[in-house]
Amino acid sequence: MCIRTVQQLNKRKTQLLAGEKKFPRKVIVCCGPGCLACGAQKIADGLRESLKKKKIKGFTVETVRETGCHGLCEKGPLVVVEPDGLFYTKVKPKDIDEIVSKTLARNEIIDRLLFTEPATGKTKKKYSSINFYRHQNRVALRNLGHIRPDSLDDYIAGGGYQGLARALLKMSPDQVIETVSKSGLRGRGGGGFPAGRKWRTCANVESDTRYVLCNGDEGDPGAFMDRAIMEGDPHSVLEGMLIAAYAVGSTEGYIYVREEYPLAVERLYEAIRQLEEEGLLGDNILGTDFSFRISIARGAGAFVCGESSALMKSVAGEVGEPRAKYVRSVIKGLWDKPSVLNNVESYANVPVIIMKGAGWFKKIGTDGSSGTKAFSLVGKVRNTGLIEVPMGITLREIIYDIGDGIIDDRPFKAIQTGGPSGGCLPESKLDLPVDFDTLTKAGSMMGSGGMIVMDDKTCMVDVAKYFLEFLVKESCGKCVPCREGLYQLHALAVKISDGKAVEADLDRMEQLSDVIIRGSLCGLGKSGPNPFLSTIRYFRDEYLAHIRDKRCPAGVCKNLITYEINDKCTGCLACIPACAYEAITGKKDEIHILDQKKCTQCGACYAVCRFDAIDVT
C-alpha cells in the first residue's frame with residue numbers, strides 16, 4: 001500500500017509497532033563496516049541457522065536483526081540481546097551455539113564475551129553501563145544500532161517521516177527555515193555555516209529552479225561519521241533533504257557519495273527505490289503539491305570535491321575544481337542555479353529538530369554551537385570508534401571518559417582535529433570545550449569530525465609532513481599559491497625530518513604559510529598550512545630538536561634515529577625473522593647483536609620486541 005496521506009503514514013506506523021510486539025526479544029548484530037570486516041555477517045547468518053534448528057522460546061529467525069554501526073569498532077563483532085541490553089564483544093562463529101543454548105535459551109551470561117573497561121578491568125553486562133556509550137548523546141546517530149538499514153518499515157516504526165509530515169502539513173516553508181535558524185544548527189561538514197541562513201538565502205533568490213545537495217564525500221583521513229549514517233540510516237538523510245527541499249522550493253536533489261563507499265551507495269539506492277515505490281518521493285508527496293526527486297552522483301574520491309563549488313562542478317560532470325567565492329553557491333550553484341549544500345550529518349539532524357522543536361535542540365551544546373557532533377575517535381586511545389557528544393564537552397572527557405585513556409597508559413601528546421586542514425592540540429588544551437569557535441581560536445577546527453589521538457611516540461614534524469603530503473596530492477592545482485606553496489611547504493617539512501634544515505627554514509615556512517592562506521582560491525589551500533602552523537605553535541621545541549640536535553625525540557624520523565639492543569634482551573629470537581635486512585644475529589637465550597651498517601631504521605624489530613630490549617636514540 002502506497003503512503004499517499006499522513007493518515008496512511010500513521011496507520012503504517014501503528015501496524016508496524018503492533019507487529020513488533022510479536023518479537024519483544026531481539027538479537028542485534030552490528031553490521032557496520034568494522035564489524036563486517038571482522039566477520040559479522042557470518043555471525044548473523046550463523047545465529048539464524050542455529051535458531052532454525054533449535055526451538056528457543058521468544059526467539060525466531062526474525063528476531064535476528066542486522067543494524068548499522070554501534071560505534072565501538074574496537075571490540076567488534078558486537079552482539080546485543082534486547083530488551084535487556086546484554087552486550088557481547090568480539091564474537092566469533094564458534095561462540096554462536098553457546099550464545100543460543102545458554103544466553104537465549106536459559107538467560108545465562110557468557111562472561112568471556114562481556115565488555116571489559118580497559119582502564120579498570122571491570123566487566124559490564126549492559127550496553128547502557130559502558131562508559132563509551134554512557135557519556136554520549138545521540139541525535140544524528142539515533143537509529144544506528146537500532147534499525148535495519150535497508151528497512152523503510154523500521155524507520156517509519158521509529159518515527160521516521162513524521163518530521164516531513166509535520167513540515168508539509170503544519171508548517172509553511174518560511175516556518176521550517178525559521179525553526180532551523182532558531183535551533184542554531186550549523187553545518188557539520190567543516191565550515192560551520194548556519195544552516196537556516198543558507199536555506200533562507202537560497203529561498204529568497206528569484207529562480208524557477210533550485211537544487212538541494214548532500215555532501216557525502218567525507219575525504220578526511222580517519223573520518224567515517226557520514227559513511228556510518230549513509231550505510232546504517234539512509235532514510236534520516238533523505239528525510240532531511242526532503243524537508244530542506246520543501247523549505248527552499250526545490251524539486252530536485254543530489255547526494256554526492258565517494259566511490260570508496262560502495263555499501264553507502266547501495267543502501268541509498270535501495271532507500272530511494274523504497275520511497276519512490278511508496279510515494280514518499282516523486283510527485284504530490286503525502287497528498288500535497290510538493291514534489292521532489294533525488295539522484296545519486298558518485299565522486300572519484302577527490303578531497304577538493306568536498307568544497308562546495310568543486311562538488312557542484314563534479315555533479316555536473318565537469319572537472320571538480322573550485323571557483324572564486326565572490327559568487328555564493330546558494331545564489332549561483334549547480335548549473336548556475338541557487339543551490340543548498342549540507343553534509344550527511346546536518347541533514348540527519350533536521351527531522352528531529354522539526355519534531356522536537358528549535359528550543360529542544362538549542363538547549364544541547366553551547367550558545368554558539370548548539371546540538372551534538374559526531375566524531376570518529378581513532379589513534380592511540382583504548383576505545384576507538386564512532387561517537388556523538390554534546391557540543392561543549394571537553395577534549396579530556398572525550399579521550400579519558402569515552403575513549404578510556406591512552407593505550408598502555410602512555411603519556412598523551414596531542415589530538416588532531418578537523419582532518420588534514422585542522423590542527424594538533426597539546427595536553428595543555430585538553431580542557432578546551434569542543435565547539436566550532438573554540439577549536440578555531442586554538443589553531444585547529446571542528447572539520448567534519450575526525451579526531452586522532454597521539455601518544456609520546458608520535459613525532460609532530462612527521463605528522464605535519466604526512467598531512468602536507470596528503471594535501472599536495474589532493475590539490476586540484478588550479479591556483480598557484482596552493483599548487484606550488486603546499487609543495488614547497490611539504491619539501492621544507494621533509495628537509496626538517498631528514499635533519500638537513502636550518503632554523504631560518506622555520507621562518508620561511510611561516511612566511512610561506514601566510515602567502516598560501518591569503519592567496520589560495522578555496523578552503524583546501526587556505527587551511528592547508530594548518531598542520532604545520534599548529535604543530536610549530538605548540539611543539540616548536542620538537543622542530544628545533546630536529547634542526548639543532550639532529551634528533552627526533554619521538555624516535556620516528558629514520559634519518560635521525562638509531563636502534564640498539566640493550567641488556568634486557570632475553571634472546572627470544574622474535575626480532576631476527578622480523579628484520580628483512582638480516583641486521584640482527586644471535587642465539588636463543590643470548591643477547592642479540594644489531595649491525596648498524598645493515599640497519600635501515602625500519603622499526604620492525606622495535607615493533608615485535610616484548611621486553612623493551614630495543615632502545616631508540
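The values are calculated or read from the model by the stated rules, or taken from the named source; none is laboratory data. All values derive from a computational prediction rather than experimental measurement. Ideal geometry is used to build each Cβ from the backbone, glycine not excepted, and the neighbour counts take in all protein chains shown.
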### Task
Give the residues of region 498-522 that are surrounded by fewer than 19 Cβ atoms within 10 Å (Cβ to Cβ) and touching a residue at least 60 places away in the same chain (Cβ under 8 Å), sorted by residue number.
Asp498, Gly499
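Listed here are the residues, each with its yes/no results for (1) surrounded by fewer than 20 Cβ atoms within 10 Å (Cβ to Cβ); (2) part of a loop (DSSP other than H, G, I, E, B); (3) not small (Gly, Ala, Ser).
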site: Val139; (1), (2), (3): no, yes, yes
site: Asn143; (1), (2), (3): no, yes, yes
site: Pro149; (1), (2), (3): no, yes, yes
site: Leu168; (1), (2), (3): no, no, yes
site: Lys182; (1), (2), (3): yes, no, yes
#### Entry: Count of region 250-267 residues which are within 18 Å of the chain's Cα centre (by Cα) and within 23 Å of Ile3 (Cα to Cα)
1
### region 6-48, subset more than 33 Å from the chain's Cα centre (by Cα) and of a type in the set (Gly, Ala, Ser), residue farthest from Glu260 (Cα to Cα)
Ala18
### Query
Tally time: how many residues in region 184-204 are part of a loop (DSSP other than H, G, I, E, B) and modelled with pLDDT of 95 or more?
2
### Query
Which members of region 49-88 meet the condition of being under 26 Å from Leu263 (Cβ atoms) and surrounded by fewer than 19 Cβ atoms within 10 Å (Cβ to Cβ)?
Glu49, Val61, Glu62, Glu82
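Tell me, yes or no, whether region 214-224 has at least one residue that is of a type in the set (Asp, Glu), part of a helix (DSSP H, G or I), under 28 Å from the mean Cα position of the chain (by Cα) and closer than 30 Å to Asp435 by Cβ. Break it down stepwise before answering.
So the first thing to find is which residues in region 214-224 are of a type in the set (Asp, Glu), and the list is 217-218, 220.
Those still in the list that are part of a helix (DSSP H, G or I) too: none.
Checked region 214-224: no residue is of a type in the set (Asp, Glu), part of a helix (DSSP H, G or I), under 28 Å from the mean Cα position of the chain (by Cα) and closer than 30 Å to Asp435 by Cβ.
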#### Entry: Checking Ile294 against (1) within 21 Å of Leu185 (Cβ to Cβ); (2) assigned to a loop (DSSP other than H, G, I, E, B), the condition it does not meet
(2)
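What are the residues in region 381-412 that are of a type outside the set (A, V, I, L, M) and buried (at least 23 other Cβ atoms within 10 Å of the Cβ), if any? Show your work before the answer.
The initial filter retains those residues of region 381-412 that are of a type outside the set (A, V, I, L, M), namely 382-385, 388, 390, 392, 394, 396-397, 400-401, 403-405, 408-412.
Across region 381-412, the qualifying residues are Asn383, Thr384, Gly385, Gly403.
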#### Entry: Qualifying residue in region 107-120 (condition: among the aliphatic types (A, V, I, L, M), touching a helix residue (DSSP H, G or I) at 6+ places or on another chain (Cβ under 7 Å), touching a residue at least 60 places away in the same chain (Cβ under 8 Å) and part of a loop (DSSP other than H, G, I, E, B))
no
### Query
Does Asp45 meet the test of being outside any loop (DSSP other than H, G, I, E, B) and among the charged types (D, E, K, R)?
yes
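Here are Ile296, Ile354, Ile364: which of them is β-branched (Val, Ile, Thr) and either crowded, with 24+ Cβ neighbours inside 10 Å or modelled with pLDDT under 95 (or both)?
Result: Ile354 is the single residue among Ile296, Ile354, Ile364 that is β-branched (Val, Ile, Thr) and either crowded, with 24+ Cβ neighbours inside 10 Å or modelled with pLDDT under 95 (or both).
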## Note on the structure
When every residue in region 228-259 that is at pLDDT 95 or above and of a type in the set (D, E, K, R) is compared, the one farthest from Met171 (Cα to Cα) is Glu231
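Regarding Val461, is this residue touching a residue at least 60 places away in the same chain (Cβ under 8 Å) and more than 22 Å from Gly371 (Cβ to Cβ)? Step through it out loud before you land on a result.
Working: touching a residue at least 60 places away in the same chain (Cβ under 8 Å): yes; more than 22 Å from Gly371 (Cβ to Cβ): yes.
Answer is yes for this residue.
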### Task
Evaluate the following for Ala140: is it in contact with a strand residue (DSSP E or B) (Cβ under 7 Å, 6 or more places away or on another chain) and within 29 Å of Gln8 (Cβ to Cβ)?
yes
### Filter result for Tyr543 (surrounded by 18 or more Cβ atoms within 10 Å (Cβ to Cβ) and of a type outside the set (Asp, Glu))
yes
## Note on the structure
Residue hits (region 22-44; of a type in the set (D, E, K, R) and farther than 30 Å from Glu276 by Cβ) are Arg25, Lys42
### Sole exception among (1) in a loop (DSSP other than H, G, I, E, B); (2) buried (at least 24 other Cβ atoms within 10 Å of the Cβ) for Asp431, by number
(2)
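Just wondering, is there one or more residues in region 532-548 that are among the polar types (S, T, N, Q) and in the same structural domain as Gln488 (by TED's automatic domain parsing)? If you could, list the steps in order and put the result at the bottom.
Initial filter on region 532-548 (among the polar types (S, T, N, Q)): 534-535.
This time we only want the ones that are in the same structural domain as Gln488 (by TED's automatic domain parsing), so: 534-535.
Yes, region 532-548 contains a residue that is among the polar types (S, T, N, Q) and in the same structural domain as Gln488 (by TED's automatic domain parsing).
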### Task
Output the number of the condition that Gly158 fails; it satisfies all remaining conditions of (1) without any contact (Cβ under 8 Å) to a residue 60 or more places away in the chain; (2) farther than 25 Å from Gln274 by Cβ.
(2)
